[in-house]
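What follows is a short report on a single structure.
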């Protein structure tokens, strides 16, 4: 009889241990889900505005930024431009991207002193996660631009090391196909974001060339200085 009770006692002890581990696992899982589903307090994307006129290009992007940049570039003299994050957010409010089963919507751009914060909602299998990317752009001594991704978060979880590793792999795979134009400005921007490479911030506007000389990021706005540049073909 004593042996029986001893066996029963050991069984109950194992059950308690298993139940404790199960409770710990559930608590960890709940904590991880809570961290992933965390919504940053500064994330307030603008709802897409009704567009009764059928316009496809937001006036702020077309009139205030693109046209101003083009006209100044054609004059071939130094100029300054200011970009407001409020205007950008209104312009990109209805933008959506989708890649490999993951859709990104409700984008938001924030200019804070010295940094650019990019945010959006990633939909994965019906679950929405707020993704935050913090950039600290800087000019090198050689006059190159480094976009410097400082932090990547999903909810409140810091996934920067994983994001950097995946970014490098994606970029290397794209370059390996041979279908990437390495001289394209968009390619250089992606290389800087994904691999940390700095690049020469020079762009052709029709037959004129313009270089980003410097910039300043303050609360709510980015102010950039441009100068004429020699042809880079």
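Every number in this text was worked out from the coordinates using simple rules, so none of it is lab data. No experiment lies behind these values; they were computed from the predicted model shown. Counting neighbours? That spans all protein chains shown, and the Cβs are built from the backbone with ideal geometry, glycine included.
At an R0 of 22 angstrom, the distance between the Cβ atoms of residue 63 and residue 221 translates into a FRET efficiency of 0.80.
The distance between label points at residue 185 and residue 213 comes to 1.8 nm (points 7 Å beyond Cα on the Cα→Cβ vector).
Sort 214, 105 so that the residue with the fewest other Cβ atoms within 10 Å of its own Cβ comes first and the one with the most comes last.
By the 10 Å Cβ count, ascending, the order reads 214, 105.
Computed over segment 37-228, the P(r) curve from all C-alpha pair distances, binned at 5 Å from the origin, holds 1, 7, 12, 17, 20, 19, 14, 8, 2, 0, 0 percent per bin. Each peptide among 190-201, 116-127 gets the average number of other Cβ atoms lying within 10 Å of its residues, and from highest to lowest they stand as 190-201, 116-127. Per-residue extension of 0.36 nm, minus the Cα-Cα distance of residue 71 and residue 112, leaves a gain of 11.9 nm for this segment. Can you give me the relative contact order of segment 125-183 as a percent, contacts being Cα pairs under 8 Å and 6 or more apart? Answer for segment 125-183 is 24 percent. Stretching residue 81 away from residue 124 to a fully extended chain increases their span by 11.7 nm, per 0.36 nm per residue minus the current alpha-carbon distance. Quick one: Debye curve from the C-alpha atoms of segment 58-124, no solvent, what's log10 I(q)/I(0) at q = 0.18, 0.19, 0.24 Å⁻¹? Debye intensities relative to I(0), on a log10 scale: -0.80, -0.85, -1.03. Cβ-Cβ distance of residue 104 and residue 139, R₀ of 45 Å, FRET efficiency by 1/(1 + (r/R0)^6): the value works out to about 0.95.
The relative contact order of segment 37-228, computed from alpha carbon pairs under 8 Å that lie at least 6 residues apart in sequence, is 24 percent. The value of relative contact order for segment 157-225, using C-alpha pairs under 8 Å at least six residues apart, is 18 percent. D for segment 91-189, whole µm²/s, Stokes-Einstein with Kirkwood Rh over alpha-carbon pairs at 10 °C and 1.306 mPa s: what number? The diffusion coefficient I find is 104 µm²/s.
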